[in-house]
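Asker: Could you have a look at this structure, given as structure tokens, before my questions?
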């Protein structure tokens, strides 16, 4: 096996100490380019400065369109997806994937499409399941897969989701991560040597993800229209035909693996219940005002009617509050 020279890393909650241990153990002449996506959203990121202080490799946010180079650590900048296209690093403002921008899946997909067996995909500690679909794409294109041991993670969901989506060549604790990546770069054999198959669906999904808004007909080529709607924009969702892992896309560019979609639907359900509570509470307020009017008017029948309304709606509020607890 030739040396691998593209390392892509998905990281979220609990991963910064792991990244510190990793870069501190890598030499200045490490023969690969490293790309890191940490879920920072729109918040200012000082991660490149910290990584440069902790290790020998220089780290920075790349500029869009610059050529990638070995011996460098590239960190996705806030609010931009980082993808690899035609030997360059591209920064995209396309829709969030798994409720994140930057997200790991776009980076992993693009690396798998561009570099195939030269890629080492790494999933570290984090919540939900970003990186799972991307690691499966790396595996499908012959890349090497490393996952932090979920038992070693502050937030084990991302590693567990990655392991459910595809097999890993190495499942390691934080203190063994640098060794595992170094071995992968130097040509360690995959745990399951297999012929790399051409997967037009993966290429099409990567291209669609990089473009953002697409036509429904384009999504019809790689997915099937579902009865579900996007929790971000309320548009129709397509279920991808490649179901490992199970994932969905809308034509405006939002994408979800199943765990992230469930999280989004749970939040949307809770928001809907709170809206219902607000509407019912407004009925209580109105009934209270009508009761006061009836008291001033001396109408005992109207006072009783409004009091009944108040009591019925107060019971309904209690039921709705209990429903919020059931969704959590």
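Asker: Is at least one residue of the range 117-124 farther than 14 Å from residue 7 by Cβ and in contact with a strand residue (DSSP E or B) (Cβ under 7 Å, 6 or more places away or on another chain)? First the steps, then the outcome.
Answerer: Keep residues of the range 117-124 that are farther than 14 Å from residue 7 by Cβ, which gives none.
There is no residue in the range 117-124 that is farther than 14 Å from residue 7 by Cβ and in contact with a strand residue (DSSP E or B) (Cβ under 7 Å, 6 or more places away or on another chain).
Yes/no per residue for (1) within 21 Å of residue 160 (Cα to Cα); (2) surrounded by fewer than 23 Cβ atoms within 10 Å (Cβ to Cβ); (3) in the same structural domain as residue 79 (by TED's automatic domain parsing):
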{"site": "11", "(1), (2), (3)": "yes, no, yes"}
{"site": "17", "(1), (2), (3)": "yes, yes, yes"}
{"site": "23", "(1), (2), (3)": "no, yes, yes"}
{"site": "29", "(1), (2), (3)": "no, yes, yes"}
{"site": "36", "(1), (2), (3)": "yes, no, yes"}
{"site": "39", "(1), (2), (3)": "yes, no, yes"}
{"site": "42", "(1), (2), (3)": "no, yes, yes"}
{"site": "45", "(1), (2), (3)": "no, yes, yes"}
{"site": "48", "(1), (2), (3)": "no, yes, yes"}
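Asker: Find the helices (runs of 4 or more DSSP H) located wholly in the range 126-193 whose residues include 3 or more that are within 23 Å of residue 205 (Cβ to Cβ) and either without any contact (Cβ under 8 Å) to a residue 24 or more places away in the chain or assigned by TED's automatic domain parsing to the domain that holds residue 22 (or both), and list them. Explain how you work it out, then say what you get.
Answerer: Values: elements: 132-140, 157-165, 177-185.
By residue number, 132-140, 157-165.
The values are calculated or read from the model by the stated rules, or taken from the named source; none is laboratory data. Everything quoted here is computed from the prediction, not taken from an experiment. So basically every Cβ, Gly included, is an ideal-geometry build from the backbone, and we count neighbours across all protein chains shown.
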